[in-house]
Amino acid sequence: MIQVPLKESEYIVKKGTIIRAKKMTALEKFFEISLAGNEVLDHDPGQFVMISIPGIGEAPISVSSSPTTKRSSFELVVRNTGVLTGALHKLDVGDVIGIRGPFGHGFPTNILEGNDLMFVAGGLGIVPLRSLINFVIDNRRDYGKVNILLGCKSPKDMLFGDEVKQWEKRLDVNFQCTVDRSDPDWKGNVGLITSLIPGVNLDIARTFAIVVGPPIMYKFVIAELLKKNIPERQILLSLERHMKCGVGKCGHCQIGEHYCCQDGPVYSYDQIKGKHEAL
Amino acid sequence: MEKYVVLKKKDFNDFVAKLALIQTVVAPVKKGQKSFAFQEVTTGQEISLHYIPTILPPKKYFMPQQETIMKFNKSKFEWTPVLEYKELTIFGVHTCDLAGIQCLNMVFTNKPKDINYIVRKDKITIIGFECNDYCDEFASCASMDNHIPNGGYDLFFTELKDSFIVHVNTQLGEKIVEEISLFTKANDEHLKELENLRAAKSKIFKNELNVKHSDLKGVFEQSFNSKVWKDLGAKCVACGNCTNVCPTCYCFDIKDEMNLDFNTGSRVRVWDSCQNEDFAKVAGGESFREERANRQKHRYMRKFNYPVDKFSRYFCTGCGRCTRTCMAQIKLKETVNALAEEKK
């Protein structure tokens with residue numbers, strides 16, 4: 001076997017330096033990454049990147065920041081669940097990681113323009129959804145009413161607390177939050193995120209619901225949205241899969257004839273409704 | 001006009017010896033009672049011309065079980081993408097396996113293209129070899145229209161009584177024929193003999209399934225909730241043999257291998273299998289195909305349903321390897337027929 005270097009490859013890794021890192025909860029850590037030479041990642045809200053640590057491996061991670069926030073850096077939130085994410089948690093400011101991407105189809109920000117939006121974020125779903133929420137807030141004039149529904153397990157699991165408070169304060173955003181389990185200091189809603197949906201006053205014809213959460217959440221949230229008569233094509237979901245290549249080959253993220261890494265991760269409900277093993 | 005040449009059987013060993021001087025030749029070699037493998041040969045005597053599909057298909061040369069795609073240096077944070085290839089002639093590829101290579105080509109040339117695969121493929125010369133009769137009862141090549149050559153080779157050998165008639169399909173094939181000056185032009189008798197052989201084959205090779213080729217997708221589209229999958233799930237031991245030996249299974253994992261200096265290493269691409277329990281598992285622990293029944297169903301759907309939507313072609317070649325290798329006696333023909341029966 002002959003081995004030669006390649007100039008081009010889908011697997012080329014870019015150098016990214018951690019310029020900010022912060023433990024957010026017991027499991028989640030925040031990273032701000034700057035690419036070498038201040039190269040712009042040039043991502044759309046809802047896209048993901050592959051993160052590498054040499055010798056450990058690679059994993060798909062959602063970009064959490066909006067491209068409108070900063071040009072020269074982007075943000076990730078990583079839950080410590082596996083080998084790569086565990087190793088990432090040990091890294092800090094100044095450490096270097098590998099970046100590939102951005103990959104996939106993100107949220108169709110142009111199609112959303114002029115429409116009312118209802119964001120439904122469950123658990124870690126807020127991480128990718130935050131990229132779109134901040135994109136919309138930074139281009140607030142281009143969108144109709146904005147509703148944000150946020151659900152998490154308990155108050156201590158809430159991510160981006162300060163930013164969430166800012167959203168809550170805004171007059172041009174209707175924000176609601178609920179926790180599955182309360183604690184003594186919590187004064188807000190208690191219950192599943194589905195309990196917030198019936199109360200939102202929507203102009204159905206011009207509302208897009210954008211839903212991101214753990215796989216289990218989708219079934220229940222979609223049922224509530226359909227009860228409100230939101231058209232299926234106006235329900236957008238971001239599906240979680242464990243991509244290994246990001247370029248539509250390795251098979252791990254396959255849903256029917258779709259490769260989630262290329263065709264998704266964002267789908268409208270009518271695209272995947274009834275599709276075997278999608279939800 | 002199509003070009004046919006002839007090689008006398010007595011010149012076959014000479015041909016292989018000369019071919020091996022041009023570049024490495026791999027061909028089917030007998031390994032055991034009913035097992036064969038593609039491996040390097042230098043003489044014709046080593047080759048088993050009458051072989052049942054090899055344990056692993058020629059896929060192993062196009063998409064090696066493990067290939068390095070990058071080298072890294074951790075302390076310098078240097079990543080070098082690499083390509084591994086070998087100039088190679090594969091001799092004796094059956095029509096089912098030619099079809100398998102065509103499927104892989106479709107996948108890896110689909111955008112974004114896989115440069116590693118494409119370069120490696122272009123370094124391989126393919127010489128096909130016709131099956132004049134069934135290899136064994138597990139093949140279902142006729143049902144997939146793969147019992148006759150449908151392109152995908154440089155040269156294609158068909159065994160006649162005293163000679164091999166060779167279809168010259170590419171310039172590369174022509175070059176080999178010229179370089180190894182053992183071939184003569186095929187005459188009308190040879191062409192007639194080939195015609196008769198194909199006619200005889202059409203009587204031997206009949207659709208092995210109880211479903212028409214064009215109806216197969218429909219059967220699978222309607223079988224998502226079939227009981228057949230439960231039966232398969234109960235039998236399957238999730239060993240992944242079926243996907244390893246499949247000429248069109250290409251799923252892979254990407255892993256890092258650190259050298260003993262704990263600084264340099266390689267990123268490698270290795271065969272993976274949708275039959276493995278954690279194949280479709282996500283970070284939260286949820287698996288989209290937790291049950292073996294669902295994983296078997298997925299394997300079949302990836303042969304008879306999904307690729308038709310994506311590539312307008314079935315990804316089963318009818319080679320029969322999955323049935324031959326299965327430790328749990330899961331038989332492709334039985335599965336397809338059971339699904340078709342249920343649909344009636």
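The values are calculated or read from the model by the stated rules, or taken from the named source; none is laboratory data. Because the structure is a prediction, the values reported are computed rather than measured. Using ideal geometry, Cβ is built from the backbone for each residue, glycine included, and neighbour counts are taken over all protein chains shown.
Please specify each residue of the range A:136-154 satisfying the condition of being under 27 Å from A:Thr81 (Cβ atoms) and either in contact with a helix residue (DSSP H, G or I) (Cβ under 9 Å, 6 or more places away or on another chain) or not assigned by TED's automatic domain parsing to the domain that holds A:Val200 (or both).
A:Ile148, A:Leu149, A:Leu150, A:Gly151, A:Cys152, A:Lys153, listed by residue number.
Looking at A:Leu35, A:Leu76, can you tell me which residue is crowded, with 20+ Cβ neighbours inside 10 Å and more than 23 Å from B:Asp278 (Cα to Cα)?
Just one listed residue meets the conditions, A:Leu76.
Inside the range A:250-279, can you point out the residues that are aromatic (Phe, Trp, Tyr) and under 16 Å from the mean Cα position of the chain (by Cα)?
A:Tyr267, the sole residue that qualifies.
Between a first residue in the range A:93-104 that is away from chain B (no Cβ under 12 Å) and a second residue that is assigned to a strand (DSSP E or B) and of a type in the set (Gly, Ala, Ser), which pairs have beta carbons less than 9 Å apart while being 6 or more apart in sequence or on different chains?
Short answer, once both residue conditions are applied: A:Val93/A:Ala21.
Considering only the range B:237-255, how many residues are among the β-branched types (Val, Ile, Thr), part of a loop (DSSP other than H, G, I, E, B) and either within 7 Å of chain A (Cβ to nearest Cβ) or within 10 Å of the chain's Cα centre (by Cα) (or both)?
So the count comes out to 1.
For the range A:204-279, which strands (runs of 3 or more DSSP E) that fit wholly inside it have 3 or more residues that are surrounded by fewer than 22 Cβ atoms within 10 Å (Cβ to Cβ) and of a type in the set (Asp, Glu)?
Fully inside the range A:204-279 and qualifying: nothing.
How many residues are outside any strand (DSSP E or B), in contact with a Gly (Cβ under 8 Å, 6 or more places away or on another chain) and of a type in the set (A, V, I, L, M, F, W, C) if we restrict to the range A:47-66?
0
So that you can scan it fast, the table gives a plain yes or no per residue for (1) touching a Leu at 6+ places or on another chain (Cβ under 7 Å); (2) closer than 30 Å to B:Ser266 by Cα; (3) within 14 Å of another protein chain (Cβ to nearest Cβ); (4) not acidic (Asp, Glu):
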| position | (1), (2), (3), (4) |
| --- | --- |
| A:Ser62 | no, yes, yes, yes |
| A:Pro67 | no, no, no, yes |
| A:Asn110 | no, no, no, yes |
| A:Phe119 | yes, no, no, yes |
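Given the residues A:Glu32, A:Glu58, A:Glu28, which is the only one that is without any contact (Cβ under 8 Å) to a residue 60 or more places away in the chain and among the charged types (D, E, K, R)?
A:Glu32
Test of understanding: among A:Val83, A:Val96, which residue is under 21 Å from B:Phe72 (Cα atoms), of a type in the set (A, V, I, L, M) and exposed (fewer than 15 other Cβ atoms within 10 Å of the Cβ)?
A:Val83
Which of (1) under 28 Å from B:Leu98 (Cα atoms); (2) surrounded by 21 or more Cβ atoms within 10 Å (Cβ to Cβ) is the odd one out, the single condition B:Lys192 does not satisfy?
(2)
Could you check, for the range A:162-172, whether at least one of its residues is touching an Asp or Glu at 6+ places or on another chain (Cβ under 6 Å), at pLDDT 95 or above and not in a loop (DSSP other than H, G, I, E, B)?
For the range A:162-172, residues touching an Asp or Glu at 6+ places or on another chain (Cβ under 6 Å), at pLDDT 95 or above and not in a loop (DSSP other than H, G, I, E, B): absent.
Given the conditions (1) crowded, with 18+ Cβ neighbours inside 10 Å; (2) aromatic (Phe, Trp, Tyr); (3) more than 12 Å from B:Lys3 (Cβ to Cβ), which single one is not true for B:Phe183?
Result: B:Phe183 passes all but (3).
Cβ-Cβ under 9 Å, sequence separation 6+ or interchain: first residue in the range A:131-142 and on the phi > 0 side of the Ramachandran plot, partner at pLDDT below 95. Which pairs?
Correct list of pairs: empty, since none qualify.
If you go through the range A:221-249, how many residues are over 19 Å from the mean Cα position of the chain (by Cα), away from every other protein chain (no Cβ under 14 Å) and not polar (S, T, N, Q)?
Result for the range A:221-249: 10.
Of everything in the range A:7-46, what is of a type in the set (S, T, N, Q) and part of a strand (DSSP E or B)? Give them in sequence order.
Result: A:Thr17, A:Ser34.
Select from the range B:93-124 the residues that are more than 20 Å from B:Asp253 (Cα to Cα) and out of contact with any Gly (no Cβ under 8 Å at 6 or more places or on another chain) and write down the one among them that is surrounded by the fewest Cβ atoms within 10 Å (Cβ to Cβ).
B:Asp122
For A:Arg170, indicate whether it is closer than 24 Å to A:Leu225 by Cβ and crowded, with 17+ Cβ neighbours inside 10 Å.
In short, no.
Has the range A:87-101 got at least one residue that is in a loop (DSSP other than H, G, I, E, B) and under 21 Å from A:Leu192 (Cα atoms)?
Scanning the range A:87-101 turns up no residue that is in a loop (DSSP other than H, G, I, E, B) and under 21 Å from A:Leu192 (Cα atoms).
Looking at the range A:1-46, which of the residues that are within 11 Å of chain B (Cβ to nearest Cβ) and among the polar types (S, T, N, Q) is farthest from the chain's Cα centre (by Cα)?
Only one residue tops the list, namely A:Gln3.
Criterion first (buried (at least 18 other Cβ atoms within 10 Å of the Cβ) and under 21 Å from B:Ala27 (Cβ atoms)) does B:Val228 satisfy it?
Judged against the criteria, B:Val228 is not a match.
Give the residue, chosen from A:Met50, A:Met118, that is at pLDDT 95 or above, assigned by TED's automatic domain parsing to the domain that holds A:Leu149 and buried (at least 20 other Cβ atoms within 10 Å of the Cβ).
Going through A:Met50, A:Met118 in turn, the sole match is A:Met118.
Exactly one condition in (1) closer than 17 Å to A:Ile222 by Cα; (2) assigned to a helix (DSSP H, G or I); (3) not charged (D, E, K, R) is false for A:Ile133; which is it?
Only one criterion in (1) closer than 17 Å to A:Ile222 by Cα; (2) assigned to a helix (DSSP H, G or I); (3) not charged (D, E, K, R) is unmet by A:Ile133, namely (1).
Among the numbered criteria (1) out of contact with any His (no Cβ under 8 Å at 6 or more places or on another chain); (2) without any contact (Cβ under 8 Å) to a residue 12 or more places away in the chain; (3) small (Gly, Ala, Ser), which one does B:Ala283 miss?
(1)
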